[in-house]
Structures are given as structure tokens and as C-alpha cells.
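Novice: Okay, handing you the structure first.
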Amino acid sequence: MLEINGIYLAKIPLPFPLKWVNCYLIPDADGWAVIDTGVNYKPAQEAWANAFQEVNLSPQAIRSIYLTHYHPDHLGLAGWLQEQSGAQVFLLDRDCRMASVISHPEPTDAGELVKMFLSNGLPQELLPDM
């Protein structure tokens, strides 16, 4: 694991071609903070266990979990990591709503997704396929 000035980079594996997501362990006033968590699947959990061992931390040393945005590769393991550590999880309200919309098995508010896709340049003709 790469360490620069006491900040550790944990490359957490992903089950798709991107291969990993960069997550961080950062010393905090009374413990440690995690920035992003990875997708919720066993190899990612094992990678976190290895990261904690490599830095010589117990999960209970984690006090805060900061999620940069709602994509599953950034917030997917937040619940698992919170259970392991008891840490508070932080995510912007807007991203929390979007995470709820995209993770629901039958999205009830596709309007939010449509607005986001269109505002980010998705051509109108591709909307039905989304």
C-alpha cells in the first residue's frame, strides 16, 4: 500500500474492467478516516482487511467514512465498513438521494436520473435505452 505523509492509498478491487477504486486511510484527531469504500463484494472486504493489517489498524480505529459521491464503487462497502468500525458515514444529501434511486430494484423516481443524464450531455435519442 502506498503511503505519503501518513496518508495511505488502498486500491480496492472491483468486479468490472476498471479493476480497482482508489480509497484512502487518513489519520484523524482521534483515530482514522476512510475516503470511499469500494463495491460490496468479498474480494473488496478482504482487501480492506489486508489494508488494516498492513497499516496495523483495527477497524475500530476508523472514526469517519467519507463518501465522495454515490457511485457503487465509492459507497458500496460503507455499510459493511460501518458495521466493522462503528464509524459515522458522511455523504452529501443529493448523493444520498441519488444512491437511493439507483440502488432501488425498481426505481420509482427515474426523473432524477433523466435530469442528471441530460445535464451531463446524454443525447436525447439515447434516453430510452438508459
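Novice: Report, ordered by chain and residue number, the lysines lying within cross-link reach of K19, taken as a straight Cα distance under 22 Å and ignoring same-chain residues fewer than 8 apart.
Specialist: Hits, sequence-local ones excluded: K11, K42.
Novice: Something else about it: Taking every DSSP beta bridge with both residues inside the chain, roughly what % is antiparallel (nearest 5)?
Specialist: Details: 14 of 21 bridges.
Of those bridges, close to 65 percent are antiparallel.
Novice: Quick one: accessible area per residue over the chain, 1.4 Å probe, rounded to a whole number of Å²? Could you put the intermediate results ahead of the total?
Specialist: Values: 8030 Å² over 130 residues.
With the other protein chains kept in place, the chain gives 62 Å² per residue.
Novice: Now, a different point. State the percentage of accessible surface on the chain attributable to carbon and sulfur atoms; use a 1.4 Å probe and exclude ligands, DNA and RNA.
Specialist: Working: 4350 of 8030 Å².
C and S fraction of accessible area: 54 percent.
The values are calculated or read from the model by the stated rules, or taken from the named source; none is laboratory data. Bear in mind that the values here come from a model prediction, so they are computed numbers and not experimental data. Please note that ligands, DNA and RNA were not included when accessible areas were found on the heavy atoms of the full protein model with its side chains. Shrake-Rupley method; radii C 1.70, N 1.55, O 1.52, S 1.80 Å.
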